[in-house]
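Accompanying notes for the structure given below.
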Amino acid sequence: GSGEHPTQALLDLYTIKKEHGGVDDLTISLMGDLKFGRTVHSLTKLLRMYNCRLQFVAPNQLAMPDEYIWPADKIYQDLNEAIDNSDVLYVTRVQKERMQGSEDFDFSYAVTTDHMKKAKNDMVLMHPLPRVGEIATELDSDPRAAYFRQMKYGLHVRMALLYAMIGNV
């Protein structure tokens, strides 16, 4: 639907399960454009079906809409406050094409090598791609960077969805 991306959410959930072995008891941080980002809206709805903790990291102008926030959720404006206890960090780009007017957001929320030094050794770094500066390219070789694996998993998940819907044509 409008403002959501359910097939991306399914492949994101698959990625979390594949990388961590499950979803329950994880702390999952969503960072970036949480207001206009369709992927995070759908993923949040899907994650509500599991026993996990959600943390939202964004500037006020791009905060997660209230309809997706539960009382137990943690809300931050600084990744440094959330990264050390994150099992998954899901990063999105600013959806400039969805913004009305010429609002200029000072969006310097980018994952750096310094952030990753504070992260857990088994944290999974995800991004729905394409990225536009939200993750330093030098992190591509970090084994915790799962976004290219996430992209590969997406092909399999979407093929399975098509097969489930239309069968063996």
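The values are calculated or read from the model by the stated rules, or taken from the named source; none is laboratory data. Everything numeric in this text was worked out from a predicted model, so none of it was measured. Heads up, the Cβs are rebuilt from the backbone with ideal geometry, glycines too, and the neighbour counts pull from every protein chain shown.
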Let me spell it out: the conditions are (1) modelled with pLDDT under 95; (2) closer than 26 Å to Gly154 by Cα; (3) not in a loop (DSSP other than H, G, I, E, B), and Gln61 meets all of them except one. Which number is the exception?
(2)
Do we have any residue at all in the range 79-87 that's of a type in the set (D, E, K, R) and under 19 Å from Pro6 (Cα atoms)?
no
Looking at the range 4-20, can you tell me whether even one residue there is touching a strand residue (DSSP E or B) at 6+ places or on another chain (Cβ under 6 Å), part of a strand (DSSP E or B) and under 25 Å from Leu161 (Cβ atoms)?
no
Which count do you get for residues in the range 127-169 that are within 16 Å of Thr113 (Cβ to Cβ) and surrounded by fewer than 14 Cβ atoms within 10 Å (Cβ to Cβ)?
6
Take the conditions at pLDDT below 95 and either over 24 Å from Tyr14 (Cα atoms) or out of contact with any Phe, Trp or Tyr (no Cβ under 9 Å at 6 or more places or on another chain) (or both) and apply them to Asn51. Does it pass?
no
Checking the conditions here, which among Asp33, Asp73, Asp66 is more than 17 Å from Val124 (Cβ to Cβ) and modelled with pLDDT under 95?
Asp33
Which count do you get for residues in the range 1-18 that are within 24 Å of Gly133 (Cβ to Cβ), touching a Phe, Trp or Tyr at 6+ places or on another chain (Cβ under 9 Å) and not aliphatic (A, V, I, L, M)?
3
Which condition number does Arg131 fail, the rest of (1) touching a helix residue (DSSP H, G or I) at 6+ places or on another chain (Cβ under 8 Å); (2) modelled with pLDDT of 95 or more being met?
(2)
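From the set of residues in the range 134-148 that are of a type outside the set (A, V, I, L, M) and in contact with a strand residue (DSSP E or B) (Cβ under 8 Å, 6 or more places away or on another chain), which is modelled with the lowest pLDDT?
Glu134
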Within the range 18-29, does at least one residue satisfy the condition of being out of contact with any Leu (no Cβ under 7 Å at 6 or more places or on another chain), at pLDDT 95 or above, surrounded by 19 or more Cβ atoms within 10 Å (Cβ to Cβ) and on the phi < 0 side of the Ramachandran plot?
yes
Has the range 36-54 got any residue that is surrounded by fewer than 19 Cβ atoms within 10 Å (Cβ to Cβ), in contact (Cβ under 8 Å) with a residue 40 or more places away in the chain and among the hydroxyl-bearing types (Ser, Thr, Tyr)?
no
What number of residues in the range 92-126 are assigned to a loop (DSSP other than H, G, I, E, B) and either surrounded by 12 or more Cβ atoms within 10 Å (Cβ to Cβ) or at pLDDT 95 or above (or both)?
15
Please indicate, with yes or no, whether at least one residue in the range 17-34 is under 18 Å from Ala82 (Cβ atoms) and small (Gly, Ala, Ser).
yes
